[in-house]
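A.B. asks: One structure, pasted below without further comment.
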Amino acid sequence: MYKKIVLIIILFLSLTFFLSGCSVIQTNESAQNKVDSQKLKIVASIFPLYDLVKEIGGDKVDVNVILPPGASPHTFEVSTSQIKSLQGTKIFFVNGQSLDNWVKDITDSVPGAETYDLSQNVTLQRLDESDPNHIPDPDQVDTTSYDPHYWLNLDNAILIAQAVSNKLSEFNPQNKGYYNINTQDFIEKLQTKDVEWKNKLSSLTNKNIVVFHDAWGYFADHFDLKIVGTFEPFPGQEPTAQYLKELQKTVKDDNIKTLFVEPQLSQDSIKTLASDLGVQIKTLDPLGGVDGRMSYIEMMDFNVNNIYELLKAE
């Protein structure tokens, strides 16, 4: 009888501890869900902006990116499921300059969301419309053509980071100090890498490159490179026979050994050209978001090193 009583007590205590444990787990999960629900829900249109927002916002924000890895912003279309999943977003950080007009399909269906165009914080470069090789985007409403790839200049990345910090502070003034610290830390990391990258590329004697499309003007200016040719006048537009003839002459005259492609765009045509000219193909990635390029700094490091490794032997 005594043994039975002891056994009942043990079972009772075990059950009590188990139920207490479940209660603690549920309480912890509930608390975590509450914390997550208090985070500012943010969306960035493309990966480089997403990473900058994540660096500044840290664990105070829940940030998502619209453009999937490997997709091109020039050809992307928003899905219905994306529109549904991004409900409750408070701020949409967009690149602007007609690069990510498709964001409007989402923001029109998200009540109360603010769209913040980061291009207003930088000095934009005009595309050279006098260049006979330049063909404007037929879908662009604004007839004034600016290069929208401004994030590829590190000075602009710093300005973007500061703008993101200010905007997040407007929505969460209690976290302003936190955002400012993260911004300063990120800027210091970026400036340290910038010195390293500039020292590396400044050692090159040949700085001529041929790129896939008009995405690299800011990058080239920042690192004192010279773009002597562009394969596609605009992404997705096949170059004309005359255009290719002129590009072939440029490649030969400037003794170009490599054509740079972009992983988000079809490379079939440029592979044919490279084969005809007997030159190799390397990659420059303006967007990142894939293995080895899972941050803004990793993406820039990838591009700098690819150019350096190519040109250092020439």
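The values are calculated or read from the model by the stated rules, or taken from the named source; none is laboratory data. The shown structure was predicted, so the numbers you read here are calculated from the model rather than taken from an experiment. So basically every Cβ, Gly included, is an ideal-geometry build from the backbone, and we count neighbours across all protein chains shown.
A.B. asks: Name the single residue, out of those in segment 85-111 being touching a Ser or Thr at 6+ places or on another chain (Cβ under 6 Å) and without any contact (Cβ under 8 Å) to a residue 40 or more places away in the chain, that is nearest to T123 (Cα to Cα).
C.D. replies: Among those residues, the one meeting the criterion is T107.
A.B. asks: Just one of E170, E188, E196 is free of Cβ contacts under 8 Å to residues at least 60 places away in the same chain, within 20 Å of the chain's Cα centre (by Cα) and surrounded by fewer than 18 Cβ atoms within 10 Å (Cβ to Cβ); which is it?
C.D. replies: E188
A.B. asks: Quick one: is D301 within 25 Å of the chain's Cα centre (by Cα), in a loop (DSSP other than H, G, I, E, B), acidic (D, E) and not assigned by TED's automatic domain parsing to the domain that holds I46?
C.D. replies: Spelling it out, it is not the case that D301 is within 25 Å of the chain's Cα centre (by Cα), in a loop (DSSP other than H, G, I, E, B), acidic (D, E) and not assigned by TED's automatic domain parsing to the domain that holds I46.
A.B. asks: Which of (1) at pLDDT 95 or above; (2) farther than 18 Å from Y296 by Cα; (3) not assigned by TED's automatic domain parsing to the domain that holds D268 is the odd one out, the single condition S145 does not satisfy?
C.D. replies: So the condition that S145 fails would be (1).
A.B. asks: What are the residues in segment 36-77 that are of a type in the set (F, W, Y) and not in a loop (DSSP other than H, G, I, E, B), if any?
C.D. replies: F47, Y50
A.B. asks: In addition: Can you report the number of residues in segment 252-278 which are out of contact with any strand residue (DSSP E or B) (no Cβ under 6 Å at 6 or more places or on another chain), free of Cβ contacts under 8 Å to residues at least 60 places away in the same chain and not hydroxyl-bearing (S, T, Y)?
C.D. replies: 10
A.B. asks: Got at least one residue in segment 202-225 being under 21 Å from the mean Cα position of the chain (by Cα), exposed (fewer than 14 other Cβ atoms within 10 Å of the Cβ) and modelled with pLDDT of 95 or more?
C.D. replies: Within segment 202-225, not a single residue is under 21 Å from the mean Cα position of the chain (by Cα), exposed (fewer than 14 other Cβ atoms within 10 Å of the Cβ) and modelled with pLDDT of 95 or more.
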